[in-house]
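Participant: Structure provided below as structure tokens; questions to follow.
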């Protein structure tokens, strides 16, 4: 198929940026969206032009590196997939496709479609862990039974890949889904309960410092999340936050 | 230099304990004045960085991704082995040790493997304490499953995302230390070279991938945990950015590179669909617990399927050839990866392949769906003869076990694997070879360590499933934190290493010149053009089956591609900016050198062992006819290559492998 691409080009953080138009041809439906961009870049290099910068790594939907706002949707059309799992069979011959980077104050553009998502790392640094040192003498893993339902829920929350689609999708650029996924995972497990109060307070505090917006329960984040992280996690984080605020010192 | 593996004396089950008791320690106050650089933040690097920082060292961690959480360990699917014997099925440290040595086709170092098996149980305890949500049974206890090449269930898992959960555990531990300032994290940084001062590893030159700035970083020790080099094949299950540069640079500075030809070709990957393909996707080995592998018995059926005239579900049971169950009744679909891959290639080469290119076999879940469905119907008091209900219940069980894998498959292939069998074919997945290390994980450069897939140490010529995660975490959590202290104990009075030393200046200049060369070269072909060509030579002549003629040709062809690359590569953009083509060019330059050594090593090893299959070395008679033939008399050694300034003249050193606890015998899975 032949397509028209309208792509955001921005040389660096300081540059203003603009949309540019590129035609591509002979695109097969079996190509992933990123492989289609590979074709474009190969073409640009051969024409002596600068290829489009975009983030990608594992290309199997798990590393969370790829981003892209495609036709107004994070990771493009399709549910519970990342951009690398989006295949060109989702488009038809003659389509015009708009490709933009994640847009959020907390995610400045590095170049073209690449953004800086280190704000998410800093939220994790503030409390996204259990304070246990490496030791060959921790208790046996089966000493504390964990109800399967809790373990499963914790796992579902833990599948977040930290891509930032929730932030890019949210009209407030809120990172509540991301933050709540980690808060929930650890709050649901006995190992994480000990520090649950400090964790939620510190992570939410850092989230606010980074300039992410608040949650107004639109629910778009859940729809666009490639891992289907549930809004329930935000509710759980709010409960945890409230209880920590009331009972904390 | 002679190779000394520094294996401690004493009986195998006491070696590690004795060694730890006699190792030198660094007191907490002194640790604060010692810096350690860790390159790579996957399971090995991430766990090492976190543990070393917890102990009090100042850690500088580097990754080329935008966050340490994205290292490719994240994509490991199936699970992690540990000799916990929770299933009461006869597992033990010895058995895990034995299975790993046998699975590696007797080409690994006994003492290292035993230690790996020994610390495996602690890994599970540690990860659970960190909040890693492993799969559990209804009683709240941890669940296990089985993997290839073993007859026990010792694999712990978190659906098909075990690597992700373990890496996020290590990342969490790192995050805690980053928050405390004990780890300084350098995201989007690439190691460009190692800096040696007085023969010791004392730092690295790194490129800030956002600004293009070349930076000097010093330390008292450098840990290379940068993963494997499967991308030398262009197409592999590795991430696009996975590269050999850190390991290769260290090799060129004096670290021996061991067994470069040992590559794992994983049997269950999604087949190649066309020339546009940029990478291959693995379907976890855990699927072989429940999936049965087959091709049509009759060639005409295979042809009809390839032409789209026949569907696999229409083929009667007696017209299917479950070739693994037929050839290897004792292990069936769970033979080790190398055996399963060669068997698939054999059937496809014989004309029984089932996709358009004839390079695919089926992985079928229909009988598992029925088996689980019946069980569920009985458990819940439903009619177990109600076929529709049984199928529905069975699909639910399969979904709970492998849901994300089935989803991945459907997205890529556009077929529903609950309804029709998956199509799979072998693909490059893991490299057992790597930087040579001694028992302490130190390379032949003092102060330079290698951990995880980047080293060669534990898997011999073939890695068993669910053992990569085990090794990465064992190295990082439980081995390096002890052994590195033994070396650093002598460095407590050294003080900070200055980056103004002439060694840093020289290394930096070399890096800058090389990068400037690429930008100024203004050739006519893109980096990918050369990478794809290299990949084709590697896959066709240094792939699943190798012979002397093909390997000799490959060596010449790789050199030609390399010469052309340096003459004609085009790298657009500038030096001092975010420039992905420049990153790729720099990495490919290293792959083009490694590829040659890889083929030389494969040529020298005139035997078949594990993932290395030489067509000249096959059993010609008896029960094992057609199987790979090892040559213990001549090849029971580790080939450790020394760089001499020219790849073709690399010098091979032998570390003889002594088997004192396991009898060397032919690997039989029949």
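Participant: In the range B:380-391, which residues are in a helix (DSSP H, G or I), touching a helix residue (DSSP H, G or I) at 6+ places or on another chain (Cβ under 9 Å) and surrounded by fewer than 19 Cβ atoms within 10 Å (Cβ to Cβ)?
Facilitator: Answer for the range B:380-391, where residues must be in a helix (DSSP H, G or I), touching a helix residue (DSSP H, G or I) at 6+ places or on another chain (Cβ under 9 Å) and surrounded by fewer than 19 Cβ atoms within 10 Å (Cβ to Cβ): B:387, B:389, B:391.
Participant: So how many residues does the range A:83-96 have that are within 20 Å of residue A:55 (Cβ to Cβ) and assigned to a strand (DSSP E or B)?
Facilitator: Matching residues across the range A:83-96 total 1.
Participant: Give the range B:271-289 a look and list any residue that's part of a loop (DSSP other than H, G, I, E, B) and either away from chain A (no Cβ under 14 Å) or in contact with a strand residue (DSSP E or B) (Cβ under 7 Å, 6 or more places away or on another chain) (or both), or say none.
Facilitator: Scanning the range B:271-289 gives B:271, B:280, B:281, B:283, B:284.
Participant: Same structure, new question: Could you run through the range B:65-84 and say how many residues are within 11 Å of another protein chain (Cβ to nearest Cβ) and either within 16 Å of residue A:142 (Cα to Cα) or not in a loop (DSSP other than H, G, I, E, B) (or both)?
Facilitator: 9
Participant: Determine which single condition residue B:240 fails, assuming it passes every other condition in (1) out of contact with any strand residue (DSSP E or B) (no Cβ under 9 Å at 6 or more places or on another chain); (2) farther than 23 Å from residue A:53 by Cα.
Facilitator: So residue B:240 meets the others, but not (2).
Participant: Determine if the range B:292-311 includes at least one residue that is at pLDDT below 95, crowded, with 19+ Cβ neighbours inside 10 Å, over 19 Å from residue B:433 (Cα atoms) and under 24 Å from the mean Cα position of the chain (by Cα).
Facilitator: No, the range B:292-311 has no match at all.
Participant: I need a count of the residues in the range A:56-79 that are out of contact with any strand residue (DSSP E or B) (no Cβ under 8 Å at 6 or more places or on another chain) and either within 7 Å of chain B (Cβ to nearest Cβ) or crowded, with 22+ Cβ neighbours inside 10 Å (or both).
Facilitator: Adding up the residues that qualify gives 11.
Participant: Is it the case that residue A:40 is within 30 Å of residue B:77 (Cα to Cα), buried (at least 16 other Cβ atoms within 10 Å of the Cβ) and more than 7 Å from every other protein chain (Cβ to nearest Cβ)?
Facilitator: So residue A:40 does not fit the description; no.
Participant: Taking the range B:146-179 as the region of interest, how many residues are within 9 Å of another protein chain (Cβ to nearest Cβ) and in a loop (DSSP other than H, G, I, E, B)?
Facilitator: 2
Participant: Across the range B:605-625, what is the total count of residues that are assigned to a loop (DSSP other than H, G, I, E, B) and either closer than 20 Å to residue B:3 by Cα or out of contact with any helix residue (DSSP H, G or I) (no Cβ under 8 Å at 6 or more places or on another chain) (or both)?
Facilitator: Within the range B:605-625, residues that are assigned to a loop (DSSP other than H, G, I, E, B) and either closer than 20 Å to residue B:3 by Cα or out of contact with any helix residue (DSSP H, G or I) (no Cβ under 8 Å at 6 or more places or on another chain) (or both) number 11.
Participant: Right, here's the next one. If a residue has to be surrounded by 18 or more Cβ atoms within 10 Å (Cβ to Cβ), touching a strand residue (DSSP E or B) at 6+ places or on another chain (Cβ under 8 Å) and more than 23 Å from residue A:152 (Cα to Cα) to count, how many in the range A:196-233 make the cut?
Facilitator: 3
Participant: Taking the stated definitions as given, is residue A:42 outside any strand (DSSP E or B) and under 23 Å from the mean Cα position of the chain (by Cα)?
Facilitator: It is false that residue A:42 is outside any strand (DSSP E or B) and under 23 Å from the mean Cα position of the chain (by Cα).
Participant: Name the single residue that is surrounded by the most Cβ atoms within 10 Å (Cβ to Cβ) among those in the range B:180-201 being out of contact with any helix residue (DSSP H, G or I) (no Cβ under 7 Å at 6 or more places or on another chain) and in a strand (DSSP E or B).
Facilitator: So the residue we want is B:201.
Participant: For residue B:578, state whether it is in contact with a helix residue (DSSP H, G or I) (Cβ under 6 Å, 6 or more places away or on another chain) and either in contact (Cβ under 8 Å) with a residue 24 or more places away in the chain or surrounded by 20 or more Cβ atoms within 10 Å (Cβ to Cβ) (or both).
Facilitator: No; evaluated as a whole, the condition is false for this residue.
Participant: Any chance you could count how many residues in the range A:153-167 are more than 8 Å from the chain's Cα centre (by Cα), more than 8 Å from chain B (Cβ to nearest Cβ) and either surrounded by 23 or more Cβ atoms within 10 Å (Cβ to Cβ) or without any contact (Cβ under 8 Å) to a residue 40 or more places away in the chain (or both)?
Facilitator: 2
Participant: Okay, next question. Can you find even one residue in the range B:18-31 that is within 11 Å of chain A (Cβ to nearest Cβ) and surrounded by fewer than 24 Cβ atoms within 10 Å (Cβ to Cβ)?
Facilitator: The answer is yes, given that some residue of the range B:18-31 is within 11 Å of chain A (Cβ to nearest Cβ) and surrounded by fewer than 24 Cβ atoms within 10 Å (Cβ to Cβ).
Participant: Another question about this same structure. In contact with a helix residue (DSSP H, G or I) (Cβ under 6 Å, 6 or more places away or on another chain), under 25 Å from residue B:445 (Cβ atoms), touching a residue at least 60 places away in the same chain (Cβ under 8 Å) and away from every other protein chain (no Cβ under 13 Å), is that true of residue B:204?
Facilitator: No: the conditions fail for residue B:204.
Participant: Take the residues in the range B:184-195 that are under 13 Å from residue B:37 (Cα atoms) and away from chain A (no Cβ under 14 Å); name whichever of them is nearest to the chain's Cα centre (by Cα).
Facilitator: This residue is B:191.
Participant: Then there's this: Condition first: more than 30 Å from residue B:404 (Cβ to Cβ) and in a loop (DSSP other than H, G, I, E, B). Can you find one or more residues in the range A:229-247 that meet it?
Facilitator: The answer is no, given that none of the residues of the range A:229-247 is more than 30 Å from residue B:404 (Cβ to Cβ) and in a loop (DSSP other than H, G, I, E, B).
Matching residues to (1) assigned to a helix (DSSP H, G or I); (2) closer than 17 Å to residue A:8 by Cα; (3) out of contact with any helix residue (DSSP H, G or I) (no Cβ under 9 Å at 6 or more places or on another chain):
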| site | (1), (2), (3) |
| --- | --- |
| A:78 | no, no, no |
| A:81 | no, no, no |
| A:98 | no, yes, yes |
| A:123 | yes, no, no |
| A:130 | no, no, no |
| A:134 | no, no, no |
| A:141 | no, no, no |
| A:155 | yes, no, no |
| A:162 | no, no, no |
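Residue-by-condition table, conditions (1) touching a helix residue (DSSP H, G or I) at 6+ places or on another chain (Cβ under 6 Å); (2) within 14 Å of chain A (Cβ to nearest Cβ):
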residue	(1), (2)
B:353	no, no
B:374	yes, no
B:377	yes, no
B:394	yes, no
B:410	no, yes
B:413	no, yes
B:432	no, no
B:437	no, no
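Participant: Taking the residues in the range B:109-144 that are at the interface with chain A (Cβ under 7 Å from one of its Cβ atoms) and in contact with a strand residue (DSSP E or B) (Cβ under 7 Å, 6 or more places away or on another chain) as candidates, determine which candidate is farthest from residue B:472 (Cα to Cα).
Facilitator: B:136
Participant: Same structure again: Take residue A:36 and decide whether it is assigned to a helix (DSSP H, G or I) and outside the structural domain of residue A:158 (by TED's automatic domain parsing).
Facilitator: When the stated conditions are applied, residue A:36 passes them.
Participant: For residue B:667, indicate whether it is buried (at least 18 other Cβ atoms within 10 Å of the Cβ) and in the same structural domain as residue B:557 (by TED's automatic domain parsing).
Facilitator: So residue B:667 does not fit the description; no.
Participant: With B:584, B:549 as the choices, which residue is in a helix (DSSP H, G or I) and within 14 Å of chain A (Cβ to nearest Cβ)?
Facilitator: Exactly one of B:584, B:549 is in a helix (DSSP H, G or I) and within 14 Å of chain A (Cβ to nearest Cβ), namely B:584.
Participant: Let me ask you something else. Test residue A:12 against the stated conditions and say whether it is more than 25 Å from residue A:170 (Cα to Cα) and either within 9 Å of chain B (Cβ to nearest Cβ) or more than 25 Å from the chain's Cα centre (by Cα) (or both).
Facilitator: It is false that residue A:12 is more than 25 Å from residue A:170 (Cα to Cα) and either within 9 Å of chain B (Cβ to nearest Cβ) or more than 25 Å from the chain's Cα centre (by Cα) (or both).
The values are calculated or read from the model by the stated rules, or taken from the named source; none is laboratory data. Predicted, not measured: the structure shown is a model, and the values here were computed from it. Note that we place each Cβ from the backbone using ideal geometry, even for glycine, and neighbour counts take in every protein chain shown.
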